[in-house]
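A short write-up of the structure that comes next.
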Amino acid sequence: MDKYLHYIKTSILAKITFVLLFLFVVLGLFSLTQISIYLSTMLFIVSLIVFTVIVVLLALAHYKIPKIALVLEIVLNLCLGVVIFGINKVNTFTDKVTDVKEFETVEIVALKDSDITQDQSFSDLILAYSQDDNQAYKKSTEILKEHSKSVKKEKPYQNMEKAYSDLKNKKVDLLVLTNIGKSDLSVIDENYNQNIKVILSKDYEIEAASTKQVDISKEPFTIYFQGSDLSSGDNINSTGRGDVNILLTVNPQTKKVNMQVIPRDLFVYIPCKDASSKLSYSGWWGGIQSSIASIEDALDIDINYYAKINFDGLTDLVDALGGVQVYSHYTYDAGGYHFTKGYNDVDGEKALIFARARKMLPLNERSRGYQQMELIKGIFTKFAQEPTYDHAMSVIDSLENNFTTNLPKEDFIKAYQIVVDLLPQLQTMENHSIEGEYQWHYDEVRTNYYQYYFYPADGELQAVKERIDSVLNEQ
């Protein structure tokens with residue numbers, strides 16, 4: 001010990017290498033504690049052993065060959081700096097995307113070309129709301145009060161169509177939009193968002209999704225993928241229409257998988273409204289919990305997890321992966337792009353068109369479902385085959401504000417390992433849709449609206465349940 005202390009006191013190089021060694025130990029232990037949540041117990045123990053061996057070897061080098069130790073310590077500390085940056089980024093990402101609180105965003109809007117701003121007085125303005133939306137008046141009053149605003153007149157309308165018409169004709173100045181109102185407007189004018197601007201808004205928290213979680217590395221599970229359209233706005237935690245609804249059932253023990261698209265226009269029971277309407281509206285009115293409840297009720301199944309992404313997230317994700325290759329079942333043109341039957345290389349924008357196009361496809365909504373499932377396969381394949389650090393960081397950047405899931409963050413590594421292990425099955429699994437027909441009738445929730453709904457053919461929903469159960473129950 002005296003010899004070592006003399007070595008430290010008399011050698012500047014020894015002091016430097018000692019400080020760098022100490023820094024390496026501190027940074028290494030910090031890194032291990034931060035990533036421990038993502039690692040299995042065995043993998044964490046192995047990592048700790050490897051780290052201890054490296055520390056011992058560096059300590060010996062620091063004493064015996066300090067010049068080599070200096071180089072090694074500088075390189076390893078720089079590497080740890082990169083690792084810590086990545087870990088912090090991953091932790092921020094996982095904390096954000098696993099925040100499962102959902103909100104209904106209620107808005108008071110005006111015409112886009114109007115001069116109205118939230119800072120001005122509203123005392124000369126007329127506010128319109130729909131009477132068949134029983135929350136519109138109450139919530140608009142709350143929003144105005146919280147912003148110390150009062151309007152000249154609050155004008156009720158029998159339905160959203162007339163209220164929106166008067167807004168466009170400048171007979172009223174402001175319009176209240178709850179989720180019910182937005183869904184009504186989407187029927188009246190699919191592009192209504194382009195004609196209005198938000199003056200005031202408030203988020204109302206809704207019930208969080210409740211699902212039966214399992215050990216995904218050992219137990220079979222079903223995950224619900226929801227693609228939310230632009231109705232959710234910029235906040236992924238705001239409710240929106242479920243434009244894409246896909247179930248993926250996985251049995252990690254038998255390596256069996258099943259993918260099933262559920263039509264967005266399927267006529268389903270919506271618990272939060274105690275009535276039936278389109279599946280896409282269930283998520284709009286009651287959030288992801290409502291969508292899950294509607295699907296579970298229709299198919300008599302359990303959904304264990306969900307993953308929700310919006311249009312921006314899909315575009316950014318595909319671009320972050322450097323584009324993906326997708327299989328098209330058809331040759332067609334859409335959105336200024338040409339797709340051929342077979343494999344197509346797509347970037348983010350082209351992938352979004354691929355996922356949304358339907359009117360030019362032979363089976364319309366069913367054909368679109370096939371294409372959407374192929375896109376999911378393409379994304380799985382690209383990420384599993386090229387799991388580089390740069391790809392991981394790019395994917396995190398692309399999804400941080402456009403993705404949410406109730407999969408616990410400690411299961412993220414497990415999920416990735418499942419994708420890698422089952423990639424051949426995921427690439428070749430059969431795509432399943434539901435046969436049926438569309439029928440027109442009045443909506444049970446919005447009784448003034450006459451719309452089309454998808455009704456499955458006899459036995460179709462039972463067939464879906466049996467396919468899912470066959471994966472879950474296979475030994």
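Since every read-out is calculated from the coordinates, none of them should be taken as a lab result. All of these numbers come straight from a predicted model, not from anything done at the bench. Positions of Cβ are backbone-derived with ideal geometry, glycine not excepted, and every protein chain shown enters the neighbour counts.
Points to keep in mind about this one:
- Rounded to the nearest 20 debye, dipole of the chain from Cβ charges on Lys, Arg, Asp, Glu: 1380 debye
- Neighbour counts of C-beta atoms inside 10 Å place Ile418, Ile108, Ile468 in the sequence Ile418, Ile468, Ile108, starting with the fewest.
- For Lys341, the lysines whose Cα comes closer than 25 Å to its Cα, not counting residues fewer than 8 places off in the same chain, are Lys350, Lys359, Lys377, Lys382.
- Ile413 versus Asp397: modelled label distance in nm, points set 7 Å from Cα along the beta carbon direction: 2.5 nm
- Here the 3J(HN,Hα) profile of the stretch 182-199, calculated from phi with Karplus coefficients 6.51, -1.76 and 1.60 at θ = phi - 60°, is 5, 5, 4, 5, 5, 6, 6, 8, 4, 9, 4, 4, 6, 9, 10, 9, 7, 9 Hz, Gly and Pro shown as x.
- Close Lys pairs in the stretch 2-97, defined as Cα atoms under 20 Å apart and 8 or more places apart or on different chains, number 7.
- For the chain, with +1 on Lys and Arg beta carbons and -1 on Asp and Glu, the positive-most of Gly369, Tyr452, Gln427 along the dipole: Gln427
- Mean separation of Cα contacts under 8 Å (6+ apart) over length of the stretch 102-206, as relative contact order %: 50 percent
- Exposure proxy for Val420, Val82: other Cβ atoms within 10 Å of each Cβ, ordered fewest to most, give Val82, Val420.
- Computed over the chain: relative contact order in percent, which uses C-alpha pairs under 8 Å that are six or more apart: 15 percent
- Cα gyration tensor shape of the stretch 102-206, rounded if a/c is under 1.5, else prolate or oblate by comparing a/b with b/c: rounded
- Over the stretch 2-97, Cα pairs under 8 Å with separation of 6+ residues give a relative contact order of 41 percent.
- Kirkwood's formula applied to the C-alpha pairs of the chain gives a hydrodynamic radius of 25.4 angstrom.
- Distance from the C-alpha centroid of the stretch 433-475 to that of the stretch 37-62: 53 Å, rounded to the whole angstrom.
- Bridge type composition, the chain - antiparallel percent by DSSP, nearest 5: 75 percent
- Within the chain, helix-based [θ] at 222 nm, where runs of 4 or more DSSP H residues each add -39,500 (n - 2.57), nearest 500: -15000 deg cm²/dmol
- Each residue in Tyr438, Tyr327 was given a count of other beta-carbon atoms within 10 angstrom of its own, and listing them fewest first yields Tyr438, Tyr327.
- For the stretch 374-395 versus the stretch 84-145, the gap between their alpha-carbon centres in whole angstrom: 34 Å
- Tilt relative to the chain, helix 460-473 - C-alpha long axis, 0 to 90 degrees, to 10: 20 degrees
- Cα gyration tensor shape of the stretch 2-97, rounded if a/c is under 1.5, else prolate or oblate by comparing a/b with b/c: prolate
- Against the chain, whose longest principal axis is taken from its Cα atoms, helix 412-421 shows a tilt of about 90°.
- Nearest 10 degrees, 0 to 90: helix 66-97 Cα axis against the chain principal axis: 20 degrees
- Straight Cα distances below 17 angstrom link Lys182 to the lysines Lys112, Lys138, Lys139, Lys162, Lys168, Lys197, Lys202, Lys273, Lys278, with same-chain residues fewer than 8 positions distant left out.
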